[in-house]
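Each remark here refers to the structure printed beneath this line.
The values are calculated or read from the model by the stated rules, or taken from the named source; none is laboratory data. This one's a predicted model, so the numbers in the text were calculated from it and none came from an experiment. For neighbour counting, all protein chains shown are included, and Cβ atoms are generated from backbone atoms with ideal geometry for every residue, glycine included. Quick note on the areas: whole protein, heavy atoms, side chains included, nothing else; ligands and nucleic acids left out. Shrake-Rupley method; radii C 1.70, N 1.55, O 1.52, S 1.80 Å.
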Amino acid sequence: MDLVVQRPEGLYCPAGDFYIDAWRPVERAVITHAHADHARRGHGHYLATAAAEGVLRARLGDITLQPLAYGEIVEHRGVRISLHPAGHVLGSAQVRLEQGGRVWVASGDYFVSGAGDDNRTCAPFEPVRCDCFITESTFGLPVYRWAAQREVFAAIDDWWRANAAQGRTSLLMAYSFGKAQRILAGVDASIGPILVHGAVEPLNDAYRAAGVALPATTLATEVTDQGMLQRALVIAPPAVQGSAWLKRFVDCADAFASGWMQLRGARRRQGVDRGFVLSDHADWPGLQRAVAATGASRVIVTHGYEAVMVRWLAEQGLQASSFRTEYGSEDDAARAEAVA
């Protein structure tokens, strides 16, 4: 029997009688990270990393949560479970399952950095050896290849600096959880004040409580000084685009930070002045490196470009297939942010 199978509720471990990132309410769920498409309300018992506890409670409220340190092992119905860094967002984890000499790893979402280019807001991706690897494929096409993030942040700083010199507010739209904090940790805070949307600040607080260094931020709704607004970098979810929330900014340059900005058509459809290619997911080379590092002979592909990834894996001589899941893309999650 496979250690993980598909069920209508989500990915299910029959031997342990629990789910991984279930999308319908279940009794026991192991959670890879706190993004809304992976961490849903309504489960009876949650198991996640201790590092994710703050953001999970901020998003889900009063839940029955069992926190685990990275690498700590718990056994449930004969299945040994441990959580290992995924490099995606604060507290993100890969789920390692071991039973009867077999090892499976479910990746959740993950980011594989280049040398010296880690996501500084969370623990870096840790390859875990296994027999079967369940991998995401959000950016599973050869066109998706990320530039070094120091280059991306330098471009954001130059854009912000130029706008400030012209007296224009710099509105940078990004997913409130993970991407916003990664931007905050990477930009040059000496350029001007940093303001945030109401959906971003509670998550900033959770990151700071977990020991992640972020610059000082102020809620944009609390600032009325136009001189301050004209020099500011404002970080907000994409849902603010075209909303009344923007009326407080007299002259505003807007930009969007996402891996989808790699494609010119996506930048045009977003309708912003600038697109910055910045993702918390592995690019095509990162996916390849991650799979190779596991040593797995069998790979199951989830959300993203499953067919392309499965074909490439089969060409490498691996046993490859896919799971149909209800996990969304980075953009889907961003659009789901409510405007406060």
Using alpha carbon coordinates only, what is the Rg to Rh ratio of the range 122-212, with Rh defined as the Kirkwood radius? 1.05
Tell me the relative contact order for the range 91-210 as a rounded percent, counting alpha carbon contacts under 8 Å between residues six or more apart. 20
The range 17-111: Rg/Rh from Cα coordinates, Kirkwood Rh? 0.93
Modelled label-to-label distance, R264 and E151, 7 Å Cα→beta-carbon offset: nm? 1.8
Compute the separation of the alpha-carbon centres of the range 237-315 and the range 52-107 and state it in Å as a whole number. 25
Report the residues of the range 220-242 in range of a label on A189: point 7 Å along Cα→C-beta, backbone N strictly under 19 Å from it. 220-223, 228-229, 231-236
With charges set only on the Cβ (+1 for Lys and Arg, -1 for Asp and Glu), what does the dipole of the range 95-187 come to about its Cα centre, in debye to the nearest 20? 180
Can you pull the Kirkwood radius for the range 1-159, inverse mean 1/r over Cα pairs, to one decimal in Å? 16.4
Contact order relative to length of the chain, as percent, for alpha carbon pairs under 8 angstrom and 6 or more apart: 17
Summarise the accessible area of the chain (1.4 Å probe, protein heavy atoms) by the percent that is carbon and sulfur. 48
Between E315 and Q226, what FRET efficiency comes out of the Förster formula 1/(1 + (r/R0)^6) with R0 = 41 Å and r the beta carbon distance, rounded to 0.05? 0.10
In whole µm²/s, the translational diffusion coefficient that Stokes-Einstein assigns to the range 216-340, given a Kirkwood hydrodynamic radius over C-alpha pairs, 4 °C and 1.567 mPa s, equals 73
At 1.567 mPa s and 4 °C, plugging the Kirkwood radius over alpha-carbon pairs of the chain into Stokes-Einstein gives what diffusion coefficient in µm²/s? 63
Which value at 222 nm does the chain reach when only helices count, each DSSP H run of 4 or more adding -39,500 (n - 2.57), with the total divided by all residues and rounded to the nearest 500 deg cm²/dmol? -7000 deg cm²/dmol
Taking only C-alpha pairs under 8 Å that are 6+ residues apart, what is the relative contact order of the range 81-130 in percent? 41
Which whole-number value in Å³ per residue fits the convex hull of the alpha carbons of the range 105-150? 102
